[in-house]
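Trainee: The structure that follows is given in the form of structure tokens.
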């Protein structure tokens, strides 16, 4: 009889534990995040996911790789995704289209171009080497392509005149096109750039971000209606990103690599450590999620130089950016 009572009590205890576990899971709010590509460049996001920072804010991140800023924006505008991670230029384009519920930026993740120029030979690189050559540069009007052209021009090589910038290749197909024999150079994000090098298919020649200087390269945005209806979600999300930005600043490249290793199951921790060090060396990540007005204006200058934005189309900073969530998170 005692044994039966004990078994019943044990069963009830297990049931209560299971129910409590289910209750805890049910309290998490799912946030559908669409990222422009899956790259170590976005290390703070993956650290926040792996170390449970989002869960501690009551959030469960459902991550999708959009494969391009235009696709990310389409997902956010159509309501298929709640939050987008891409270049702020996508928000500027939509704003200038006159859409009423245009997306607003609420947190900045990276502060310079995270791509690296990869060539076919281990050359003594000079931008003059690009003359007469073809560079696979990404989607026309995207920040990677515009920044590449800006840096080329700053170094005396006029895009589409002195060198061809191929914008016909989809963002997530650029490495494959290059290793398949297309183009002389390609601009790639990590860990793809290093994977191409490790496979003996190319050489990293320079950091485009180091050449271009600071611009608000990648940021989080959401529609105004979503932010108005879910301010606690947006704040919690921003809190987690800010915490991850601080965590990375306080930990080694190896620790960062280990923290996000689950997000890159096909990439060794050693390679992730190497790539992390490369990004830290160029000061790629924001220290806080706050976006500065001067940084956005620098991006608009790059867009204007690329012929994608006229001076009359520059957007008022306060119309496009809501720093209130980022400032709260940064001051915690």
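Trainee: Could you give every pair whose Cβ atoms fall below 8 Å, whose first residue belongs to segment 120-132 and is on the phi > 0 side of the Ramachandran plot, and whose second residue is surrounded by 10 or more Cβ atoms within 10 Å (Cβ to Cβ), counting only separations of at least 6 or pairs across chains?
Mentor: As it stands, the answer is 132/162; 132/163, since those pairs meet every condition given.
Trainee: Looking at (1) in contact with a strand residue (DSSP E or B) (Cβ under 8 Å, 6 or more places away or on another chain); (2) more than 24 Å from residue 316 (Cβ to Cβ); (3) not in a strand (DSSP E or B), which is the one condition that is false for residue 46?
Mentor: It fails just one condition, (1).
Trainee: Would you be able to tell me the number of residues in segment 288-314 that are surrounded by 14 or more Cβ atoms within 10 Å (Cβ to Cβ) and not in a helix (DSSP H, G or I)?
Mentor: 9
Trainee: In segment 124-141, is there at least one residue being within 30 Å of residue 324 (Cα to Cα), surrounded by 16 or more Cβ atoms within 10 Å (Cβ to Cβ) and touching a helix residue (DSSP H, G or I) at 6+ places or on another chain (Cβ under 8 Å)?
Mentor: Just the residues of segment 124-141 that are within 30 Å of residue 324 (Cα to Cα), to begin with: 141.
Filter once more, so that each one left must be surrounded by 16 or more Cβ atoms within 10 Å (Cβ to Cβ): 141.
Filter again for touching a helix residue (DSSP H, G or I) at 6+ places or on another chain (Cβ under 8 Å), leaving 141.
There is at least one residue in segment 124-141 that is within 30 Å of residue 324 (Cα to Cα), surrounded by 16 or more Cβ atoms within 10 Å (Cβ to Cβ) and touching a helix residue (DSSP H, G or I) at 6+ places or on another chain (Cβ under 8 Å).
Trainee: To continue, here is another question. For residue 173, which of the numbered conditions (1) out of contact with any strand residue (DSSP E or B) (no Cβ under 9 Å at 6 or more places or on another chain); (2) modelled with pLDDT of 95 or more; (3) in a helix (DSSP H, G or I) fails to hold?
Mentor: Of everything listed in (1) out of contact with any strand residue (DSSP E or B) (no Cβ under 9 Å at 6 or more places or on another chain); (2) modelled with pLDDT of 95 or more; (3) in a helix (DSSP H, G or I), residue 173 misses just condition (2).
Trainee: Modelled with pLDDT under 95, assigned by TED's automatic domain parsing to the domain that holds residue 308 and surrounded by fewer than 24 Cβ atoms within 10 Å (Cβ to Cβ): does that describe residue 82? Break it down stepwise before answering.
Mentor: Working: modelled with pLDDT under 95: no; assigned by TED's automatic domain parsing to the domain that holds residue 308: yes; surrounded by fewer than 24 Cβ atoms within 10 Å (Cβ to Cβ): yes.
Against the criterion (modelled with pLDDT under 95, assigned by TED's automatic domain parsing to the domain that holds residue 308 and surrounded by fewer than 24 Cβ atoms within 10 Å (Cβ to Cβ)), residue 82 does not qualify.
Trainee: Right, something else. What number of residues in segment 69-79 are within 19 Å of residue 138 (Cα to Cα), touching a helix residue (DSSP H, G or I) at 6+ places or on another chain (Cβ under 8 Å) and surrounded by fewer than 22 Cβ atoms within 10 Å (Cβ to Cβ)?
Mentor: Keep residues of segment 69-79 that are within 19 Å of residue 138 (Cα to Cα), which gives 69-74.
Filter once more, keeping what is touching a helix residue (DSSP H, G or I) at 6+ places or on another chain (Cβ under 8 Å): 69-70, 72-73.
Going one step further and asking which of them are surrounded by fewer than 22 Cβ atoms within 10 Å (Cβ to Cβ), we end up with 70.
Matching residues across segment 69-79 total 1.
Trainee: Please go through segment 167-186 and give me each residue that is surrounded by 20 or more Cβ atoms within 10 Å (Cβ to Cβ) and free of Cβ contacts under 8 Å to residues at least 60 places away in the same chain, ordered by number.
Mentor: 174, 175, 183
Trainee: Restricting to segment 133-162, give me the number of residues that are at positive phi and either without any contact (Cβ under 8 Å) to a residue 12 or more places away in the chain or not in a loop (DSSP other than H, G, I, E, B) (or both). Before you say what the answer is, go through the steps one by one.
Mentor: Going through segment 133-162, the residues at positive phi turn out to be 138, 141, 156, 160.
Of the ones still in play, those that are also either without any contact (Cβ under 8 Å) to a residue 12 or more places away in the chain or not in a loop (DSSP other than H, G, I, E, B) (or both) are 160.
Matching residues across segment 133-162 total 1.
Trainee: Does residue 190 satisfy being at pLDDT below 95, buried (at least 17 other Cβ atoms within 10 Å of the Cβ), in contact with a strand residue (DSSP E or B) (Cβ under 8 Å, 6 or more places away or on another chain) and not assigned by TED's automatic domain parsing to the domain that holds residue 274?
Mentor: Details: at pLDDT below 95: yes; buried (at least 17 other Cβ atoms within 10 Å of the Cβ): yes; in contact with a strand residue (DSSP E or B) (Cβ under 8 Å, 6 or more places away or on another chain): yes; not assigned by TED's automatic domain parsing to the domain that holds residue 274: yes.
So residue 190 passes the test.
Trainee: Would you be able to say whether some residue in segment 105-118 is in contact (Cβ under 8 Å) with a residue 24 or more places away in the chain and surrounded by fewer than 18 Cβ atoms within 10 Å (Cβ to Cβ)?
Mentor: Restricting attention to segment 105-118, the residues satisfying the condition of being in contact (Cβ under 8 Å) with a residue 24 or more places away in the chain are 105-118.
Cutting the leftovers down to surrounded by fewer than 18 Cβ atoms within 10 Å (Cβ to Cβ) gives us none.
Checking segment 105-118: not a single residue is in contact (Cβ under 8 Å) with a residue 24 or more places away in the chain and surrounded by fewer than 18 Cβ atoms within 10 Å (Cβ to Cβ).
Trainee: Check 249, 257, 261 and return the single one that is within 17 Å of the chain's Cα centre (by Cα), surrounded by fewer than 18 Cβ atoms within 10 Å (Cβ to Cβ) and modelled with pLDDT of 95 or more. Break it down into steps so the answer makes sense when it comes.
Mentor: On the way: 249 fails: within 17 Å of the chain's Cα centre (by Cα); 257 fails: surrounded by fewer than 18 Cβ atoms within 10 Å (Cβ to Cβ).
Result: 261 is the single residue among 249, 257, 261 that is within 17 Å of the chain's Cα centre (by Cα), surrounded by fewer than 18 Cβ atoms within 10 Å (Cβ to Cβ) and modelled with pLDDT of 95 or more.
Trainee: Which count do you get for residues in segment 315-332 that are surrounded by 14 or more Cβ atoms within 10 Å (Cβ to Cβ), more than 19 Å from the chain's Cα centre (by Cα) and within 16 Å of residue 301 (Cβ to Cβ)?
Mentor: Of the residues in segment 315-332, 2 are surrounded by 14 or more Cβ atoms within 10 Å (Cβ to Cβ), more than 19 Å from the chain's Cα centre (by Cα) and within 16 Å of residue 301 (Cβ to Cβ).
Trainee: Give the number of residues within segment 260-280 that are under 18 Å from residue 65 (Cβ atoms) and in a helix (DSSP H, G or I).
Mentor: So the first thing to find is which residues in segment 260-280 are under 18 Å from residue 65 (Cβ atoms), and the list is 260-267, 272, 275.
Those left that are additionally in a helix (DSSP H, G or I): 260-263, 272, 275.
Total satisfying the criteria: 6.
Trainee: Looking at 165, 196, can you tell me which residue is outside the structural domain of residue 297 (by TED's automatic domain parsing), outside any strand (DSSP E or B) and touching a helix residue (DSSP H, G or I) at 6+ places or on another chain (Cβ under 7 Å)? Please lay out each step first, then the result.
Mentor: Numbers: 165 fails: outside any strand (DSSP E or B).
Criteria check complete, one pass: 196.
Trainee: Among (1) touching a residue at least 60 places away in the same chain (Cβ under 8 Å); (2) on the phi > 0 side of the Ramachandran plot; (3) more than 19 Å from the chain's Cα centre (by Cα), there is one condition residue 307 misses while meeting the rest; what is its number?
Mentor: Condition (1) is where residue 307 drops out.
The values are calculated or read from the model by the stated rules, or taken from the named source; none is laboratory data. This one's a predicted model, so the numbers in the text were calculated from it and none came from an experiment. Virtual Cβ from ideal backbone geometry, glycine too; neighbours counted across all protein chains shown.
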